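The values are calculated or read from the model by the stated rules, or taken from the named source; none is laboratory data. Quick caveat: nothing in here was measured; it's all calculated off a predicted structure. When we count neighbours, we look across all protein chains shown, and the Cβ atoms used for this are built from the backbone with ideal geometry, even at glycine.
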């Protein structure tokens, strides 16, 4: 289940399978479909930095072209 904070921080990327987890201390973990993508300081993680990392991952690992609307044949659009 996506929390309000995740939806705010990740924006449209929650629809693409991205989630956030925290270690209870100072770190926030960015995951894509359960795979660890990045680690951020809780105090340094911003919406911009989280979403930029999501976009970078989708582009580099999945060939995403940056479209934010759904397409029939595009799992990440």
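If you check residue 18 against the conditions, is it within 23 Å of residue 62 (Cβ to Cβ), surrounded by 13 or more Cβ atoms within 10 Å (Cβ to Cβ), in contact (Cβ under 8 Å) with a residue 12 or more places away in the chain and over 10 Å from the mean Cα position of the chain (by Cα)? When the stated conditions are applied, residue 18 does not pass them.
Would you point out which residue out of 58, 36 is surrounded by fewer than 16 Cβ atoms within 10 Å (Cβ to Cβ), over 16 Å from residue 3 (Cα atoms) and modelled with pLDDT of 85 or more? The unique qualifying residue is 36.
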